[in-house]
Amino acid sequence: MIDFFKYAFAKASSSQLMVIIMFLVSTTITAQTKVGGVVYDEFGDGVPFANVFFPGSSEGTITNDNGRFYLQSDNNYDTIQISFIGYETLTYTLESRVNLELNLTLKTEAAALDAVVIYTGKTSKKNNPALDILRKVWENRRKNGLSQFKQYQYDKYEKLEFDMNTIDSQMVNSKLFRGMEFIFDYADTSNVTGKTYLPILLMNPYLPYMVIMKLIKKRKI
């Protein structure tokens, strides 16, 4: 691989060198693990709002109304887990760094309730414990709010990504990328537009902030 890059740098034009440098930067800072697909139940229906996450981390997402999900991380993971109430937790081994067409099926838990009672009509608000809890929250929202602290600190993360859009065969076969066709192995597809794009540059700065209530001032630290 090192000999390949030595050859590429020696033979590439100035414009190609710029593409190589931007590509090398992007491959080190773009997401290392990308996972996407659909979570089904045993009847073939999509499971909405199922939890999808990387085991041992705080990185995760939930499926949409159709059971579809997309999750990416800057770290390398070899497994994902899917869980939802009433189903057994599924652990799936990832075959590669990018897995975007997964079809995963959850099995119903063996344990079952002895009986289920279903009430029709409106539920009485007088004996609803959830409403009692919410009332307590509303009553104490000023007492427990951030404004009661003299100062507090929080971390802010921003993500800015530059992509090369509309990747087609004409672009892949252009002279600009001759000898560098391997970079298109990192192309991805947008879940929104369905178009193919190539990540070129990704900035993900970490910005700590401190808020001092007495001065009513917020500053970056």
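Quick look at the values:
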item: Test: residue in segment 150-168 that is at pLDDT 70 or above and more than 32 Å from the chain's Cα centre (by Cα); result: yes
item: Candidate set from segment 78-99 (those that are surrounded by 14 or more Cβ atoms within 10 Å (Cβ to Cβ) and among the hydrophobic types (A, V, I, L, M, F, W, C)); member that is farthest from D41 (Cα to Cα); result: V98
item: Counted residues, segment 16-65 - those being at pLDDT 80 or above, of a type in the set (S, T, N, Q) and surrounded by fewer than 19 Cβ atoms within 10 Å (Cβ to Cβ); result: 5
item: Lone unmet requirement of (1) surrounded by 15 or more Cβ atoms within 10 Å (Cβ to Cβ); (2) touching a residue at least 40 places away in the same chain (Cβ under 8 Å) for N75; result: (1)
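The values are calculated or read from the model by the stated rules, or taken from the named source; none is laboratory data. This one's a predicted model, so the numbers in the text were calculated from it and none came from an experiment. When we count neighbours, we look across all protein chains shown, and the Cβ atoms used for this are built from the backbone with ideal geometry, even at glycine.
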